[in-house]
1. Would you mind finding the one in S155, S131 that is of a type in the set (S, T, Y), part of a helix (DSSP H, G or I) and either over 18 Å from F71 (Cβ atoms) or touching a Cys at 6+ places or on another chain (Cβ under 6 Å) (or both)?
2. Taking interchain pairs and intrachain pairs at least six residues apart, which have beta carbon atoms under 9 angstrom, with the first residue in the stretch 41-59 and closer than 12 Å to R127 by Cβ and the second surrounded by fewer than 14 Cβ atoms within 10 Å (Cβ to Cβ) and modelled with pLDDT under 70?
3. Which condition from (1) without any contact (Cβ under 8 Å) to a residue 12 or more places away in the chain; (2) under 30 Å from A48 (Cα atoms) is the one that G115 breaks?
4. Pull up the stretch 125-182, narrow it to residues that are basic (K, R) and over 12 Å from S62 (Cβ atoms), then point me to the one that is modelled with the lowest pLDDT.
5. Please give the number of the condition A170 fails out of (1) surrounded by fewer than 14 Cβ atoms within 10 Å (Cβ to Cβ); (2) assigned to a loop (DSSP other than H, G, I, E, B); (3) not acidic (D, E).
6. Step by step: first the residues of the stretch 73-92, then only those that are without any contact (Cβ under 8 Å) to a residue 40 or more places away in the chain and surrounded by 17 or more Cβ atoms within 10 Å (Cβ to Cβ), then the one that is farthest from L178 (Cα to Cα). Which residue is that?
7. In this structure, is V124 exposed (fewer than 12 other Cβ atoms within 10 Å of the Cβ) and assigned to a helix (DSSP H, G or I)?
8. Go through (1) of a type outside the set (A, V, I, L, M, F, W, C); (2) exposed (fewer than 12 other Cβ atoms within 10 Å of the Cβ); (3) in a helix (DSSP H, G or I) for G165 and report which single condition fails.
Amino acid sequence: MSEQPSPRPWPPQPGPESSPQLSKPAQSKPAQSKPAQLKPAQFSPEDAEKSRRWRLTLGISSLVLALASGFYAFTNIVAVVSATRAIEADGGSVPQSAMAMAIAIIVTFGVLALGYAVIGIWNVVARGTTSAAPLIAAIVVSGIAFVLTVLYMISTGSIGLQAVGLALNALIIGRAALLLRRRRRELSPRGA
């Protein structure tokens with residue numbers, strides 16, 4: 001039995017059995033540079049203290065809005081249940097469109113309350129970090145709530161406690177944007 005030659009490695013390696021074309025010395029490749037690692041933002045002591053304070057303020061403001069939205073959802077549930085019982089006691093029925101609108105309002109305020117609570121806790125816990133995620137989440141939820149509150153105020157024609165909610169949402173949006181801007185400035189390379 002004849003032995004079969006061993007398979008050639010791929011890619012071909014220079015060696016005694018290789019052809020003269022492949023026996024050229026391998027050119028050394030330039031060293032691959034690793035991608036630049038982003039360093040965490042290094043705030044000055046004054047900026048770090050401001051960041052901690054404003055994240056705490058954002059967190060507490062979000063928690064206050066969570067309580068207000070949750071309370072509003074609860075009072076709407078109580079009002080819908082009592083109105084439904086009163087209408088049914090008189091022998092009437094609640095129109096489906098009115099019930100659907102009431103449920104949509106209750107669900108919206110319940111979801112906002114939950115979102116505010118999560119974001120408030122997240123910002124309080126992350127007050128010592130330079131993470132952008134809780135700030136971005138706060139801007140998104142507060143922006144949505146701001147638009148919904150303005151639409152509600154326009155549709156009802158009333159400016160009551162909703163003005164306080166607008167002011168707190170505007171505070172959250174403004175301060176979160178300021179902290180993100182300060183963070184981006186600290187992360188950007190010097191002299192750029």
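1. Details: S131 fails: part of a helix (DSSP H, G or I).
Just one listed residue meets the conditions, S155.
2. As it stands, the answer is A48/Q42, since those pairs meet every condition given.
3. Unmet condition: (1).
4. Of all residues in the stretch 125-182, those basic (K, R) come to 127, 175, 181-182.
Right, trim to over 12 Å from S62 (Cβ atoms) and you get 127, 181-182.
Numbers: R127: 85, R181: 84, R182: 79.
Looking at the filtered set, the residue picked out is R182.
5. (2)
6. V80
7. Numbers: exposed (fewer than 12 other Cβ atoms within 10 Å of the Cβ): no; assigned to a helix (DSSP H, G or I): yes.
Here the answer is no, as V124 does not meet what is asked.
8. Unmet condition: (2).
The values are calculated or read from the model by the stated rules, or taken from the named source; none is laboratory data. Bear in mind that the values here come from a model prediction, so they are computed numbers and not experimental data. As a convention, Cβ positions derive from the backbone with ideal geometry for all residues, glycine included, and neighbour counts pool all protein chains shown.
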